[in-house]
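Everything on this sheet refers to the single structure shown next.
The values are calculated or read from the model by the stated rules, or taken from the named source; none is laboratory data. None of these values were measured; they are calculated from a predicted model. All Cβ positions, glycine included, derive from the backbone under ideal geometry; neighbour counts span all protein chains shown. SASA here: full protein model, heavy atoms, side chains in, ligands and nucleic acids out. Shrake-Rupley method; radii C 1.70, N 1.55, O 1.52, S 1.80 Å.
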Amino acid sequence: MTGLAAVLARRIAATGPITIADYMTECLLHPEHGYYTTRDPFGSSGDFITAPEISQMFGELTGLCLAQAWLDQGAPPHFTLAELGPGRGTLMADILRATNAVPGFHHAAHIHLVEASRALRDVQRARLSGFDVTWHDTTGDLPDAPLFLVANEFFDALPIRQFIRDEGDWRERQIGLQDGRLCFGLSAAAPLHMLAHRLADTKPGDLIEHCAQAGPIIAEVSDRIAAHGGAALIIDYGDWRSLGDTLQAVAQHAPADPLDAPGMADLTAHVDFEALAMASTDVSYSRLTTQGVFLERLGITQRAQVLASKLGGSARATHLAAHRRLTHPDEMGTLFKILGLSPKDAPPPPGLEN
Ligand code: SAH
């Protein structure tokens, strides 16, 4: 064993099995071997491709949605334009290009990015050159000001723990060692106060996932929106309430075994949007809306037609395929969903309803 697998095997041999959350944290963010800390995994030549990398239309419409929410709230003269987990910076670049046409928006915006990976911060810095950008390690460091925020495929990268119901108790799925190799195992059964509410809708044998970091991040975001105004668009794959094992590894655009080659594959889990909504305080949360419906409501078809009229040949075909990929139910259209947060006395962000 080499690299991170060897580091983890030594740790487990010394101190016992680790949680899936510990494993995800090490695999994604280990300073020397972590997936995000050591590489730029995005785009058609990387391991996977995200919505902003598929088409500029995604960021344009997201940006105009945030700008309209800003106008709807009286266009505050100073606000935080924030993104959580900005990847290559493509989404923010497209947001800024599209909102250049909105009078006063750029002048009022202070751009803040929450990004754990130093390698990706460098990519974002290059992509957003010409803009004044502040980076943060955590959402808690965002300024106390009106907050207009987007997070695309950020929450799915946060570490989750998995629990299997055993009558009134829970066993945690853990990672241990067998014959020197990493393997899944189960802890002893124990009651868990934080999962008491899930006894009503699960039966023995069911597996549920819990993301400890998501709630506090949503609380930080909603505190600012409640106090100063703003809006948040949380975009990710997942559903209302977690049920079942959704931990998945992807390397070079193909599914991989999550325990094979730690640090070399992306690890994600579906987002439990109900848990995010429940963690929001003193704000309104929108109905969970599919990405296809959200983008259609914001006018992606009209925008796609305008762009298509300027393209020919393979560029046109690629563009039409990207439109379909973002919106079609068989592609990202229904798997990906949007949860919006907005002040109680403001309308929901365009494209969403409360
Ligand atoms: N939003 C981008 C990238 C999504 S991938 C896109 O749509 O293309 C997840 C991003 O979140 C990466 O930029 C990764 O480095 C960052 N990230 C993952 N865990 C994080 C954490 N705990 N804190 C801050 N950033 C994190």
Only one of these is within 16 Å of the ligand (Cβ to nearest atom), in contact with a helix residue (DSSP H, G or I) (Cβ under 8 Å, 6 or more places away or on another chain), open to solvent by 10 Å² or more (accessible area, probe 1.4 Å) and part of a helix (DSSP H, G or I): Pro52, Pro31. Name it.
Pro52
Can you tell me which residues in the range 290-303 are touching a residue at least 60 places away in the same chain (Cβ under 8 Å), of a type outside the set (A, V, I, L, M, F, W, C) and surrounded by 20 or more Cβ atoms within 10 Å (Cβ to Cβ)?
Gln291
Out of curiosity, is His253 open to solvent by 50 Å² or more (accessible area, probe 1.4 Å) and within 26 Å of Pro204 (Cα to Cα)?
no
Would you say Leu91 is within 10 Å of the ligand (Cβ to nearest atom) and either in contact with a helix residue (DSSP H, G or I) (Cβ under 7 Å, 6 or more places away or on another chain) or open to solvent by less than 30 Å² (accessible area, probe 1.4 Å) (or both)?
yes
So if I check each of Ala212, Ala231, Ala190, which one is of a type in the set (A, V, I, L, M), in contact (Cβ under 8 Å) with a residue 12 or more places away in the chain and surrounded by 19 or more Cβ atoms within 10 Å (Cβ to Cβ)?
Ala231
Just one listed residue, out of Met57, Met24, is touching a residue at least 24 places away in the same chain (Cβ under 8 Å), in contact with a helix residue (DSSP H, G or I) (Cβ under 9 Å, 6 or more places away or on another chain), away from the ligand (no atom under 11 Å from the Cβ) and assigned to a helix (DSSP H, G or I), and it is Met57
Filtering the range 95-127 down to residues that are assigned to a loop (DSSP other than H, G, I, E, B), surrounded by 18 or more Cβ atoms within 10 Å (Cβ to Cβ) and more than 10 Å from the ligand (Cβ to nearest atom) yields Val102
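Yes/no per residue for (1) in a helix (DSSP H, G or I); (2) at negative phi:
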| position | (1), (2) |
| --- | --- |
| Ser284 | no, yes |
| Thr301 | yes, yes |
| Ala304 | yes, yes |
| His319 | yes, yes |
| Arg324 | yes, yes |
| Gly351 | no, no |
Would you be able to tell me the number of residues in the range 8-21 that are in contact with a helix residue (DSSP H, G or I) (Cβ under 8 Å, 6 or more places away or on another chain) and outside any helix (DSSP H, G or I)?
1
The condition of being modelled with pLDDT under 95 and closer than 24 Å to Asp141 by Cβ holds, among Gly85, Gly46, Gly34, Gly89, only for Gly34
Of the residues in the range 304-342, those that are touching a strand residue (DSSP E or B) at 6+ places or on another chain (Cβ under 8 Å), open to solvent by less than 50 Å² (accessible area, probe 1.4 Å) and not aliphatic (A, V, I, L, M) come to Gly333, Phe336, Lys337, Gly340, Ser342
Restricting the range 154-183 to residues that are within 16 Å of the ligand (Cβ to nearest atom) and open to solvent by less than 40 Å² (accessible area, probe 1.4 Å), the one farthest from the chain's Cα centre (by Cα) turns out to be Ile160
Just one of the numbered conditions (1) open to solvent by 10 Å² or more (accessible area, probe 1.4 Å); (2) over 20 Å from Leu128 (Cβ atoms); (3) within 12 Å of the ligand (Cβ to nearest atom) is not true of Gln73; which one?
(3)
